[in-house]
Amino acid sequence: MPSYLITGVSRGLGFEFLRQLSANADNIIIGIVRDKATTDKKIADELSSPSNVTILQADVGNYEALKATVSTVAEVTGGSLDYLIANAAYVPDWDSYDPIGVLAQKPQELEEEILKLTKINVVSVIHLISLYMPLILKGTAKKVIGITSGHADAEAVRQFDLGVSAGYAISKASLNMVMAKFSAQYREQGVLFLALSPGVVEVGHHKDANQQQQAALWDLAKKFMAFAPDFRGPSTPDVACKAVVNVWESCSIEKGNGGAFLSHHGDKNWL
Ligand SMILES: NC(=O)c1ccc[n+]([C@@H]2O[C@H](COP(=O)([O-])OP(=O)(O)OC[C@H]3O[C@@H](n4cnc5c(N)ncnc54)[C@H](OP(=O)(O)O)[C@@H]3O)[C@@H](O)[C@H]2O)c1
(Lines give C-alpha, C1' and ligand atoms only; values in the text may rest on other atoms or scores of the structure.)
Protein backbone atom coordinates (compact mmCIF):
# COMPACT_ATOMS: atom_id res chain seq x y z
CA MET A 1 0.00 0.00 0.00
CA PRO A 2 1.70 3.25 -1.10
CA SER A 3 1.92 5.73 1.77
CA TYR A 4 1.80 9.53 1.40
CA LEU A 5 2.59 12.22 3.97
CA ILE A 6 1.31 15.63 2.86
CA THR A 7 1.67 18.89 4.79
CA GLY A 8 -0.98 21.61 4.69
CA VAL A 9 -4.03 19.50 3.84
CA SER A 10 -6.52 21.82 5.57
CA ARG A 11 -7.47 23.57 2.33
CA GLY A 12 -6.34 24.53 -1.17
CA LEU A 13 -4.08 22.18 -3.09
CA GLY A 14 -3.17 20.14 -0.01
CA PHE A 15 -6.81 19.19 0.60
CA GLU A 16 -7.18 18.35 -3.08
CA PHE A 17 -4.09 16.08 -3.04
CA LEU A 18 -5.63 14.34 -0.04
CA ARG A 19 -9.03 14.06 -1.76
CA GLN A 20 -7.63 12.59 -4.96
CA LEU A 21 -5.11 10.23 -3.41
CA SER A 22 -7.48 8.94 -0.72
CA ALA A 23 -10.00 7.95 -3.41
CA ASN A 24 -7.74 4.96 -4.08
CA ALA A 25 -8.37 2.62 -1.14
CA ASP A 26 -4.92 1.08 -1.64
CA ASN A 27 -3.25 4.35 -0.62
CA ILE A 28 -2.45 5.38 2.94
CA ILE A 29 -2.67 9.18 3.36
CA ILE A 30 -1.39 11.10 6.37
CA GLY A 31 -1.92 14.84 6.45
CA ILE A 32 -0.27 17.39 8.71
CA VAL A 33 -2.29 20.48 9.63
CA ARG A 34 -2.30 23.23 12.23
CA ASP A 35 -5.96 22.71 13.18
CA LYS A 36 -6.80 19.01 13.32
CA ALA A 37 -10.37 19.39 14.61
CA THR A 38 -11.41 21.69 11.75
CA THR A 39 -9.71 19.51 9.14
CA ASP A 40 -11.24 16.30 10.54
CA LYS A 41 -14.66 17.95 10.31
CA LYS A 42 -14.04 19.10 6.72
CA ILE A 43 -12.94 15.59 5.76
CA ALA A 44 -16.02 14.14 7.47
CA ASP A 45 -18.37 16.63 5.78
CA GLU A 46 -16.84 16.55 2.28
CA LEU A 47 -15.24 13.12 1.99
CA SER A 48 -17.16 11.02 4.56
CA SER A 49 -13.96 10.36 6.56
CA PRO A 50 -12.19 7.75 4.39
CA SER A 51 -10.59 5.03 6.51
CA ASN A 52 -7.24 5.42 4.74
CA VAL A 53 -6.75 9.04 5.95
CA THR A 54 -5.04 10.07 9.20
CA ILE A 55 -4.69 13.71 10.23
CA LEU A 56 -1.92 14.82 12.59
CA GLN A 57 -1.47 18.24 14.13
CA ALA A 58 1.75 20.27 13.81
CA ASP A 59 2.78 23.73 12.78
CA VAL A 60 5.53 23.01 10.25
CA GLY A 61 7.48 25.90 11.75
CA ASN A 62 7.71 24.03 15.06
CA TYR A 63 10.53 21.47 14.85
CA GLU A 64 9.54 19.59 18.01
CA ALA A 65 5.93 19.32 16.84
CA LEU A 66 7.05 17.99 13.45
CA LYS A 67 9.43 15.53 15.11
CA ALA A 68 6.60 14.25 17.29
CA THR A 69 4.63 13.20 14.17
CA VAL A 70 7.30 10.77 12.94
CA SER A 71 6.58 7.90 15.35
CA THR A 72 2.84 8.11 14.66
CA VAL A 73 3.42 8.07 10.89
CA ALA A 74 5.69 5.04 11.32
CA GLU A 75 2.94 3.28 13.31
CA VAL A 76 0.33 4.02 10.63
CA THR A 77 2.51 2.91 7.71
CA GLY A 78 4.37 0.05 9.35
CA GLY A 79 7.70 1.88 9.54
CA SER A 80 8.25 3.34 6.06
CA LEU A 81 7.06 6.18 3.84
CA ASP A 82 6.76 6.16 0.05
CA TYR A 83 5.89 9.77 -0.80
CA LEU A 84 6.60 12.94 1.19
CA ILE A 85 4.81 16.01 -0.20
CA ALA A 86 5.98 19.33 1.28
CA ASN A 87 2.95 21.36 0.29
CA ALA A 88 2.30 23.69 3.26
CA ALA A 89 3.55 27.20 2.67
CA TYR A 90 3.26 30.72 3.90
CA VAL A 91 1.66 32.55 0.94
CA PRO A 92 1.49 36.21 1.99
CA ASP A 93 -0.64 39.00 0.59
CA TRP A 94 2.09 41.41 1.66
CA ASP A 95 4.15 41.14 -1.54
CA SER A 96 1.41 40.22 -4.03
CA TYR A 97 0.83 43.65 -5.53
CA ASP A 98 4.05 45.71 -5.19
CA PRO A 99 7.57 45.40 -6.59
CA ILE A 100 10.56 44.77 -4.35
CA GLY A 101 11.68 48.41 -4.15
CA VAL A 102 8.28 49.48 -2.83
CA LEU A 103 8.26 46.64 -0.28
CA ALA A 104 11.75 47.69 0.86
CA GLN A 105 10.44 51.14 1.81
CA LYS A 106 9.05 49.49 4.95
CA PRO A 107 12.30 47.84 6.09
CA GLN A 108 11.06 46.27 9.31
CA GLU A 109 8.02 44.75 7.64
CA LEU A 110 10.19 43.48 4.80
CA GLU A 111 12.58 41.84 7.24
CA GLU A 112 9.80 40.20 9.25
CA GLU A 113 8.05 38.89 6.14
CA ILE A 114 11.20 37.53 4.48
CA LEU A 115 12.24 35.82 7.71
CA LYS A 116 8.79 34.23 8.10
CA LEU A 117 8.79 33.11 4.45
CA THR A 118 12.25 31.61 4.93
CA LYS A 119 11.30 29.85 8.15
CA ILE A 120 8.07 28.28 6.85
CA ASN A 121 8.82 27.74 3.15
CA VAL A 122 12.50 26.80 3.39
CA VAL A 123 13.85 25.87 6.84
CA SER A 124 10.76 23.90 7.87
CA VAL A 125 10.98 21.86 4.65
CA ILE A 126 14.62 20.99 5.42
CA HIS A 127 13.53 19.83 8.89
CA LEU A 128 10.58 17.89 7.49
CA ILE A 129 12.71 16.04 4.94
CA SER A 130 15.51 15.39 7.38
CA LEU A 131 13.12 14.00 10.02
CA TYR A 132 11.42 11.72 7.49
CA MET A 133 14.48 10.47 5.56
CA PRO A 134 14.80 7.28 7.67
CA LEU A 135 11.22 6.33 6.73
CA ILE A 136 11.63 7.38 3.08
CA LEU A 137 14.77 5.24 2.76
CA LYS A 138 12.71 2.26 3.94
CA GLY A 139 9.90 3.05 1.46
CA THR A 140 9.39 1.62 -2.02
CA ALA A 141 8.60 4.70 -4.14
CA LYS A 142 11.22 6.94 -2.45
CA LYS A 143 9.80 10.23 -3.80
CA VAL A 144 10.05 13.60 -2.04
CA ILE A 145 8.19 16.53 -3.60
CA GLY A 146 8.49 20.20 -2.69
CA ILE A 147 5.56 22.22 -4.02
CA THR A 148 7.16 25.29 -5.54
CA SER A 149 6.12 28.08 -7.92
CA GLY A 150 6.97 29.34 -11.39
CA HIS A 151 7.60 32.68 -9.65
CA ALA A 152 10.91 31.10 -8.57
CA ASP A 153 12.18 30.86 -12.16
CA ALA A 154 14.67 33.74 -12.43
CA GLU A 155 14.69 33.42 -16.23
CA ALA A 156 10.93 34.03 -16.42
CA VAL A 157 11.19 36.92 -13.93
CA ARG A 158 13.99 38.43 -15.99
CA GLN A 159 12.39 38.01 -19.40
CA PHE A 160 8.89 39.14 -18.45
CA ASP A 161 9.69 41.64 -15.68
CA LEU A 162 7.63 39.73 -13.13
CA GLY A 163 8.01 42.28 -10.33
CA VAL A 164 5.41 41.19 -7.76
CA SER A 165 5.58 38.39 -5.17
CA ALA A 166 9.27 39.02 -4.51
CA GLY A 167 9.43 37.56 -1.00
CA TYR A 168 7.41 34.48 -1.96
CA ALA A 169 9.55 33.97 -5.11
CA ILE A 170 12.77 34.27 -3.09
CA SER A 171 11.52 31.63 -0.64
CA LYS A 172 10.48 29.24 -3.43
CA ALA A 173 13.80 29.70 -5.28
CA SER A 174 15.47 28.68 -2.01
CA LEU A 175 13.12 25.70 -1.75
CA ASN A 176 14.21 24.60 -5.22
CA MET A 177 17.81 24.60 -4.03
CA VAL A 178 16.82 22.62 -0.93
CA MET A 179 15.37 19.91 -3.19
CA ALA A 180 18.46 19.94 -5.44
CA LYS A 181 20.81 19.67 -2.46
CA PHE A 182 18.87 16.76 -0.90
CA SER A 183 18.96 15.09 -4.32
CA ALA A 184 22.72 15.53 -4.44
CA GLN A 185 22.99 13.69 -1.13
CA TYR A 186 20.43 10.92 -1.65
CA ARG A 187 20.17 10.29 -5.42
CA GLU A 188 22.58 7.37 -5.24
CA GLN A 189 20.37 5.79 -2.59
CA GLY A 190 17.46 5.92 -5.02
CA VAL A 191 15.50 8.85 -3.58
CA LEU A 192 13.91 11.16 -6.18
CA PHE A 193 13.59 14.80 -5.08
CA LEU A 194 11.51 17.18 -7.19
CA ALA A 195 10.43 20.81 -6.90
CA LEU A 196 7.08 20.88 -8.71
CA SER A 197 4.98 23.92 -9.53
CA PRO A 198 1.20 23.44 -9.86
CA GLY A 199 0.71 26.41 -12.20
CA VAL A 200 -1.63 29.26 -11.29
CA VAL A 201 -4.50 27.76 -9.29
CA GLU A 202 -7.60 29.46 -7.89
CA VAL A 203 -7.72 28.86 -4.13
CA GLY A 204 -9.21 32.19 -3.08
CA HIS A 205 -6.00 34.08 -2.36
CA HIS A 206 -7.02 37.36 -4.01
CA LYS A 207 -10.75 37.36 -3.27
CA ASP A 208 -10.46 40.52 -1.13
CA ALA A 209 -8.23 42.47 -3.53
CA ASN A 210 -9.21 46.15 -3.86
CA GLN A 211 -9.37 47.99 -7.19
CA GLN A 212 -5.70 48.99 -7.17
CA GLN A 213 -4.65 45.45 -6.26
CA GLN A 214 -6.86 44.02 -9.00
CA ALA A 215 -5.09 46.32 -11.46
CA ALA A 216 -1.74 44.88 -10.33
CA LEU A 217 -3.13 41.36 -10.81
CA TRP A 218 -4.33 42.25 -14.31
CA ASP A 219 -0.89 43.62 -15.12
CA LEU A 220 0.59 40.30 -13.98
CA ALA A 221 -1.96 38.35 -16.03
CA LYS A 222 -0.90 40.31 -19.14
CA LYS A 223 2.71 39.34 -18.47
CA PHE A 224 1.65 35.72 -18.06
CA MET A 225 -0.09 35.94 -21.45
CA ALA A 226 3.14 37.24 -22.97
CA PHE A 227 4.92 34.22 -21.47
CA ALA A 228 2.17 31.78 -22.56
CA PRO A 229 -0.23 33.25 -25.14
CA ASP A 230 -2.77 30.46 -24.42
CA PHE A 231 -3.02 31.43 -20.73
CA ARG A 232 -6.68 32.16 -19.92
CA GLY A 233 -6.56 32.41 -16.13
CA PRO A 234 -6.09 30.17 -13.10
CA SER A 235 -6.87 26.46 -13.21
CA THR A 236 -8.70 24.52 -10.49
CA PRO A 237 -7.14 22.47 -7.67
CA ASP A 238 -8.66 19.36 -9.26
CA VAL A 239 -6.90 19.91 -12.60
CA ALA A 240 -3.65 21.15 -11.05
CA CYS A 241 -3.25 18.29 -8.56
CA LYS A 242 -3.94 15.64 -11.21
CA ALA A 243 -1.25 17.22 -13.39
CA VAL A 244 1.30 17.41 -10.54
CA VAL A 245 0.68 13.77 -9.55
CA ASN A 246 1.19 12.75 -13.20
CA VAL A 247 4.52 14.55 -13.25
CA TRP A 248 5.84 12.96 -10.06
CA GLU A 249 4.66 9.55 -11.28
CA SER A 250 6.37 9.91 -14.67
CA CYS A 251 9.64 11.34 -13.29
CA SER A 252 12.50 9.10 -12.17
CA ILE A 253 16.15 9.17 -11.27
CA GLU A 254 16.82 7.00 -14.33
CA LYS A 255 15.30 9.70 -16.60
CA GLY A 256 17.61 12.27 -15.05
CA ASN A 257 14.92 14.11 -13.04
CA GLY A 258 16.66 14.00 -9.65
CA GLY A 259 16.53 17.45 -8.01
CA ALA A 260 14.68 19.04 -10.94
CA PHE A 261 12.45 22.15 -10.82
CA LEU A 262 9.50 21.41 -13.12
CA SER A 263 5.99 22.63 -13.88
CA HIS A 264 2.72 20.67 -13.79
CA HIS A 265 3.45 19.93 -17.46
CA GLY A 266 6.79 18.34 -16.54
CA ASP A 267 8.74 21.14 -18.20
CA LYS A 268 9.47 24.87 -17.76
CA ASN A 269 6.06 26.05 -18.94
CA TRP A 270 4.74 27.45 -15.66
CA LEU A 271 1.23 28.31 -16.88
N1 LIG B 1 -2.45 28.34 -5.68
C2 LIG B 1 -1.49 28.61 -6.58
O3 LIG B 1 -1.74 29.25 -7.62
C4 LIG B 1 -0.08 28.14 -6.34
C5 LIG B 1 0.86 28.40 -7.33
C6 LIG B 1 2.17 27.97 -7.17
C7 LIG B 1 2.51 27.27 -6.02
N8 LIG B 1 1.58 27.04 -5.05
C9 LIG B 1 2.00 26.31 -3.85
O10 LIG B 1 1.07 25.27 -3.57
C11 LIG B 1 1.12 24.95 -2.19
C12 LIG B 1 -0.28 24.99 -1.62
O13 LIG B 1 -0.75 26.33 -1.72
P14 LIG B 1 -2.28 26.71 -1.88
O15 LIG B 1 -2.42 27.48 -3.12
O16 LIG B 1 -3.13 25.53 -1.65
O17 LIG B 1 -2.40 27.77 -0.68
P18 LIG B 1 -3.33 27.84 0.58
O19 LIG B 1 -4.74 27.57 0.19
O20 LIG B 1 -2.97 29.16 1.20
O21 LIG B 1 -2.85 26.66 1.51
C22 LIG B 1 -1.67 26.73 2.25
C23 LIG B 1 -1.66 25.54 3.17
O24 LIG B 1 -0.45 25.60 3.95
C25 LIG B 1 -0.80 25.46 5.31
N26 LIG B 1 0.16 26.12 6.17
C27 LIG B 1 0.60 27.40 6.08
N28 LIG B 1 1.47 27.64 7.07
C29 LIG B 1 1.56 26.51 7.81
C30 LIG B 1 2.28 26.14 8.96
N31 LIG B 1 3.09 27.01 9.57
N32 LIG B 1 2.15 24.88 9.45
C33 LIG B 1 1.33 24.00 8.84
N34 LIG B 1 0.61 24.28 7.74
C35 LIG B 1 0.73 25.53 7.24
C36 LIG B 1 -2.17 26.11 5.42
O37 LIG B 1 -2.78 25.71 6.63
P38 LIG B 1 -3.79 26.65 7.49
O39 LIG B 1 -5.17 26.34 6.99
O40 LIG B 1 -3.55 26.22 8.90
O41 LIG B 1 -3.40 28.08 7.24
C42 LIG B 1 -2.82 25.56 4.17
O43 LIG B 1 -3.26 24.24 4.37
C44 LIG B 1 2.05 25.99 -1.55
O45 LIG B 1 3.33 25.42 -1.42
C46 LIG B 1 2.06 27.11 -2.56
O47 LIG B 1 3.22 27.88 -2.48
C48 LIG B 1 0.28 27.46 -5.18
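The values are calculated or read from the model by the stated rules, or taken from the named source; none is laboratory data. The structure presented is a predicted model; accordingly, all values stated were derived computationally and were not measured. Neighbour counts run over all protein chains shown; Cβ positions are idealised from the backbone, glycine included. Accessible surface areas use protein heavy atoms only, side chains included; no ligands, DNA or RNA. Shrake-Rupley method; radii C 1.70, N 1.55, O 1.52, S 1.80 Å.
The distance linking region 203-217 with region 30-91 is 31 Å (Cα centroid to Cα centroid, whole angstrom). Extending 7 Å from the Cα toward the beta-carbon at both GLN108 and ALA226 defines two label points whose distance is 3.7 nm.
Can you spot the aspartates and glutamates whose alpha carbon is less than 19 Å from LYS67's alpha carbon? Ignore those fewer than 8 places along the same chain. Cross-link targets: ASP35, ASP59, GLU75, ASP82.
Remark: the GLU64-LYS268 segment gains 69.8 nm on full extension, using 0.36 nm per residue and subtracting the alpha carbon distance. Placing pseudo-labels 7 Å out from each Cα toward the beta carbon at ASN24 and ALA154 gives an inter-label distance of 3.7 nm. For LYS138 and THR236, the FRET efficiency from 1/(1 + (r/R0)^6), where r spans their Cβ atoms and R0 equals 35 Å, is about 0.50. Shape analysis of region 3-262 yields a ratio of the Cα radius of gyration to the Kirkwood radius, Rg/Rh, of 0.96. Grab the beta carbon distance between LYS116 and GLN212, set R0 = 22 Å, and tell me the FRET efficiency rounded to 0.05. Computed FRET efficiency for LYS116 and GLN212 comes out at 0.35.
Exceedance of the 27 Å cut-off in Cα-Cα distance is limited, within the set LYS36/LYS207; LYS36/LYS106; LYS143/LYS172, to LYS36/LYS106.
Annotation: per residue accessible area for the chain equals 48 Å², rounded to a whole number [probe 1.4 Å, protein chains only]. Comparing SER51, SER183, SER165 in a Gaussian network model of the chain where C-alpha atoms under 10 Å apart are linked, the largest mean-square fluctuation is found at SER51. Dipole magnitude for region 3-262: about 420 debye, using +1 per Lys or Arg Cβ and -1 per Asp or Glu Cβ, origin at the Cα centre.
Go ahead and collect, in residue order, the members of region 115-136 whose backbone nitrogen is under 16 Å from a label point 7 Å along the Cα-Cβ direction of ALA184. From region 115-136, the list is 126.
Backbone N atoms of region 161-201 closer than 16 Å to the 7 Å Cα→Cβ label point of ASP93 belong to residues 165.
Highest GNM mean-square fluctuation among SER124, SER252, SER71, for the chain modelled with Cα contacts below 10 Å: SER71.
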